[in-house]
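Here the structure is laid out as C-alpha cells; the discussion comes afterwards.
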Amino acid sequence: MSSPKFRKADQYYEDQYDSRTISSMKEKEDEWTAKLKLITNEDELLKKRLVAYMDIREYGTRFSQNKRHSIQEWITTDERKDRLVNERPIPPPPYCPKCDSYMKFSDYDFVNNNCDIQFIFSCGGKTKHNAILESNGKPLTAPKQFCPYCNGVIKTKVKKTKTKITATDSCTICTWSDTIYFDIQPKQQLLPISEEERKAYCTDFKKSKGFLHDLEVLASISAGDDTGYDLSKIKMLKVADLDKILTEALQKNQFIKLQFEPPKITGHMTIHFSTLDTSERTEQQSIKTLKKIISEALFFSNWRLMSTEINYRLGYLTGQLKGVDQKEDLQKIATEINTTP
Ligand SMILES: [Zn+2]
Ligand SMILES: [Zn+2]
C-alpha cells in the first residue's frame, strides 16, 4: 500500500481558504439582511446599515489578512504529516481475539497538534473491533478506572458521528456516569468555487459591487473612493465660527450658555460642549430638540453632532461635536449632503 500524500498542490490550499471565506461572508451577509429587514424606522435603518457595512468590511478584511498565514500553516501541517508517515512505518497488526485473526491497518491519526502519529487498525466491515497503536507500535489503552462513588468497574461506550466522538464512562454497579466529547475536524471537502464569487469576496472585496457596495451607497458613506461630489459645498467652520452659529441657533430655542471644553485632536477634532435648557421641556424633548437644532445648523458644515453622546441632567445638557478636515471624511459629508432629500 502506498502512503497517502497529505501535501497537495498550492492551488488546493488557495481554493480551500477562498471557499471558506466565501461561505462565511455569505452567511454574514444573510445575517445582516435578515436583521435589516426587521427595522422600520428610517433613521435607525440608516445607522444599522452603517454598522452592517463596517462589520462586513471588517470581517472580510480579517479573512484577507489571515490568508497567507493560514495557508502556510496548513501546508506546514500537511508536510509534517508526510514526514511522520515516512519516518514511522506501519507497525505489525494487533491480534483480535474475537475474530481470531489479525486486524488490518485502516488509517493514520495525528495527535498532539498534528505532531505525533497513531495507527488505527480494525477488523473491517462494520465490526467495532478497533485498535489504536501509538507511534512506538504499542497499543493505546485507557487506564482502567473505577467509579469514584462505589469503586465499581467503569465501562466506556464510544459513539462516533461525523463531527463528534462521544465517550461515556459509566459505572457497572451504580448510576455514576461521565461523558466527554471530542470534536472531529471535518474532512476537508472543497466546495466548488465560482470565480465571480472569488473576485467579489476574496480578491478585491473592497471594490465589490455586491451586497457590500449596495450597503455603502444606502448608508451614504464612502469607503474612501472618490464620490465625485463637490466638496466646496461644505462650509469649513473654525471653532470660533462653530461657537457663533450654535449659540445663535440654540438661543432661539431657549438653550443658553453654550460652552466648549478644549478640543481633543485625534484623526479628527472632538469638542465636548454643554448648554442649559431654560424651557419647560422634558428630558426626552430637550435631548430631541437639541439634536435637531445642532444637526440642522451644522448640516452643510464640516462638523457633526455625535448624537449618541448627549447627556441630560436637570436641564444641563452635555454632548460632543466632531470636526473633520480630511478629504475622506469630507467626502462622506458631501455624500450625505447630496443624498439627503
Ligand atoms: Zn475483530
Ligand atoms: Zn459506581
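Read the figures in this text as sums done on the coordinates, not as results from a lab. Here the structure is a predicted model, which is why all the values come from computation and not from measurement. Don't worry about glycine lacking a Cβ; one is built from the backbone with ideal geometry, like all the others, and counts go over all protein chains shown.
Some notes on this structure:
- Proximal charge balance of SER295 [Cβ under 14 Å; K/R count +1, D/E count -1]: +2
- Label point distance in nm, HIS129-THR278, each placed 7 Å from Cα along Cα→Cβ: 9.8 nm
- Reachable lysines from LYS128, criterion Cα separation under 22 angstrom, eight or more residues apart if same chain: LYS98, LYS104, LYS138, LYS144, LYS155, LYS157, LYS159, LYS160, LYS162, LYS164, LYS187
- Kirkwood hydrodynamic radius over Cα pairs of the stretch 237-324, then Stokes diffusion coefficient at 4 °C and 1.567 mPa s, in µm²/s: 101 µm²/s
- Relative contact order of the stretch 268-318, pairs being alpha-carbon contacts under 8 Å that are 6 or more residues apart, as %: 53 percent
- Given the chain, longest segment not containing exposed loop trypsin sites (Lys or Arg not before Pro) (DSSP; at most 13 other Cβ within 10 Å): 6-97
- Highest-fluctuation residue, GLN16, GLN326, GLN145 considered, GNM on the chain with Cα pairs under 10 Å: GLN145
- For LYS327, the lysines whose Cα comes closer than 21 Å to its Cα, not counting residues fewer than 8 places off in the same chain, are LYS206, LYS207, LYS233, LYS235, LYS238, LYS264.
- Only helices enter the 222 nm calculation for the chain: every DSSP H run of n ≥ 4 contributes -39,500 (n - 2.57), and dividing by all residues gives -12500 deg cm²/dmol, rounded to 500.
- Considering only alpha-carbon pairs that sit under 8 angstrom and 6 or more positions apart, the relative contact order computed for the chain is 13 percent.
- Taking every lysine pair in the stretch 13-83 that is 8 or more places apart or spans two chains, those with Cα atoms closer than 16 Å amount to 7.
- Our summary of shape: the Cα atoms of the chain have principal axis extents of 99, 54, 36 Å, ordered from largest down, in whole angstrom.
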